[in-house]
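Written below as structure tokens is the structure these notes are about.
The values are calculated or read from the model by the stated rules, or taken from the named source; none is laboratory data. Quick caveat: nothing in here was measured; it's all calculated off a predicted structure. Positions of Cβ are generated from backbone atoms using ideal geometry, with glycine treated the same way; all protein chains shown enter the neighbour counts.
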Amino acid sequence: MTIDIIEPNSFCFGVKKAIDLVENICDEYKDKNIILFGELVHNKFVMNQLIKKGVKVVDFDKNTAECMLNSFNSNDIVIFSAHGHDKKYEEILKKNHVKFFDATCPIVNFSLKKIESSKLPIIFIGKKGHPETLASLSRNDEVYLYDIKEGIDFSKVNTKNVVVMNQTTLSIFEIEEIYKEIRKHFPNAIFTDEICNASRVRQEKVVTLEKDYDLFIIIGDKNSSNTTKLYEISKKSKFHDTLFISNISDLDGIDFKKYQKVALFSGTSCPKELIEEVKEYLKRI
Ligand code: SF4
């Protein structure tokens with residue numbers, strides 16, 4: 001059996017930048033409580049590594065966020081995740097004199113700024129409840145969510161002209177179908193495709209290599225949007241089987257005898273060592 005690790009893999013620049021920021025803060029503020037406000041990136045292995053460094057991770061939702069932010073004090077350093085956040089969270093911390101850092105990926109930030117400054121109402125295509133979606137909805141009063149699972153009630157979008165924006169980690173194929181549907185309701189809609197290059201290139205690789213392997217293994221966490229999209233695209237292929245795993249323990253009990261050529265893909269928040277571990281595991285069997 002041959003096993004290839006497909007490029008690009010492991011961290012994208014946005015994830016790497018966010019992790020570097022947290023590590024630098026840990027080194028610089030050893031006497032403070034370092035608090036990640038939500039998961040920095042969607043990968044448990046990475047999060048556990050940061051927790052081992054002494055970082056505390058707090059979960060929140062729309063209803064609990066403000067109360068939690070108000071509970072922090074000047075001994076705390078708060079770090080916002082790579083996915084973006086509601087701007088008013090920063091105001092609460094400023095008011096309470098709590099130091100904070102923003103680990104938002106520059107590509108997400110660019111999209112959020114476009115939302116903030118849009119003069120037209122926006123239809124935002126994204127996953128309901130995802131931090132980037134919540135951040136996007138918070139940046140302008142006229143943002144209507146097109147949820148990638150449930151769609152949208154077009155009758156509630158009370159305007160003729162709209163800008164259509166999207167979460168940066170969606171599927172390049174799925175979004176085309178959604179565009180067609182929106183175009184039927186808003187023939188003059190302006191579409192600004194915000195899918196980031198790190199997600200786009202990996203998705204294209206899944207399609208272009210589909211005939212070259214008989215098994216694709218997608219490595220990353222199930223709550224990672226870009227990894228889930230790789231899996232969804234891959235499993236549509238009739239040329240190969242697809243597995244979606246978080247680590248090697250997910251491979252236990254699987255019979256690999258029928259496979260000759262295996263391709264390993266990873267989401268953008270999956271560390272290199274997890275990918276190498278999968279390769280070593282497969283080489284041993
Ligand atoms: S997947 Fe894209 S948007 Fe998300 S952190 Fe990486 S580069 Fe940024």
Scanning segment 8-17 for residues that are farther than 16 Å from residue 168 by Cα and touching a residue at least 24 places away in the same chain (Cβ under 8 Å) gives 8, 9, 10, 17
Pairs with Cβ under 7 Å, 6+ apart, first in segment 68-83 and touching a residue at least 12 places away in the same chain (Cβ under 8 Å), second within 16 Å of the ligand (Cβ to nearest atom) and of a type in the set (D, E, K, R): 80/102; 81/39; 83/132
Here the residues within segment 226-263 that are closer than 20 Å to residue 172 by Cα and buried (at least 16 other Cβ atoms within 10 Å of the Cβ) are 226, 227, 228, 229, 230, 231, 232, 233, 234, 237, 242, 244
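Can you pull out every residue in segment 122-138 that is more than 16 Å from the ligand (Cβ to nearest atom) and charged (D, E, K, R)?
Correct list: 128 only.
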Evaluate the following for residue 205: is it assigned to a loop (DSSP other than H, G, I, E, B) and outside the structural domain of residue 120 (by TED's automatic domain parsing)? no
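Residues of segment 60-74 being of a type in the set (Gly, Ala, Ser) and assigned to a helix (DSSP H, G or I), which ones?
Initially, segment 60-74 is screened for residues of a type in the set (Gly, Ala, Ser), giving 65, 71, 74.
Answer for segment 60-74, where residues must be of a type in the set (Gly, Ala, Ser) and assigned to a helix (DSSP H, G or I): just 65.
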Six or more apart or on different chains, Cβ under 8 Å: which pairs go from a residue in segment 265-279 that's over 13 Å from residue 198 (Cα atoms) and away from the ligand (no atom under 14 Å from the Cβ) to one that's part of a strand (DSSP E or B) and of a type in the set (Gly, Ala, Ser)? Could you list them? 274/266; 275/266
Can you give me the number of residues within segment 7-59 that are within 16 Å of the ligand (Cβ to nearest atom), crowded, with 16+ Cβ neighbours inside 10 Å and part of a loop (DSSP other than H, G, I, E, B)? 10
Would you check which residues across segment 139-173 are more than 16 Å from the ligand (Cβ to nearest atom) and not in a loop (DSSP other than H, G, I, E, B) and list them? 143, 144, 145, 146, 147, 151, 154, 155, 156, 163, 164, 173
Matching option when the condition is away from the ligand (no atom under 16 Å from the Cβ), more than 18 Å from the chain's Cα centre (by Cα) and not in a helix (DSSP H, G or I), among 77, 92: 77
Can you confirm whether segment 227-246 contains a residue that is under 21 Å from residue 283 (Cα atoms), within 15 Å of the ligand (Cβ to nearest atom) and either at pLDDT 95 or above or of a type in the set (D, E, K, R) (or both)? no
Starting from segment 235-264, take each residue that is outside the structural domain of residue 42 (by TED's automatic domain parsing) and on the phi < 0 side of the Ramachandran plot and list its partners that are small (Gly, Ala, Ser) and surrounded by 11 or more Cβ atoms within 10 Å (Cβ to Cβ), counting only C-beta distances under 9 angstrom and pairs at least six apart or across chains. 240/234; 240/263; 242/234; 244/220; 244/234; 245/220; 246/220
Looking at segment 111-127, is at least one residue over 14 Å from the mean Cα position of the chain (by Cα), loosely packed, with under 15 Cβ neighbours inside 10 Å, part of a helix (DSSP H, G or I) and not charged (D, E, K, R)? yes
What are the residues in segment 1-45 that are in contact with a Ser or Thr (Cβ under 6 Å, 6 or more places away or on another chain) and β-branched (Val, Ile, Thr), if any? 15, 41
Cβ contacts < 7 Å: first residue closer than 22 Å to residue 162 by Cβ, restricted to segment 188-205; second residue polar (S, T, N, Q) and away from the ligand (no atom under 14 Å from the Cβ), any location; separation 6+ or different chain. Result? 188/161
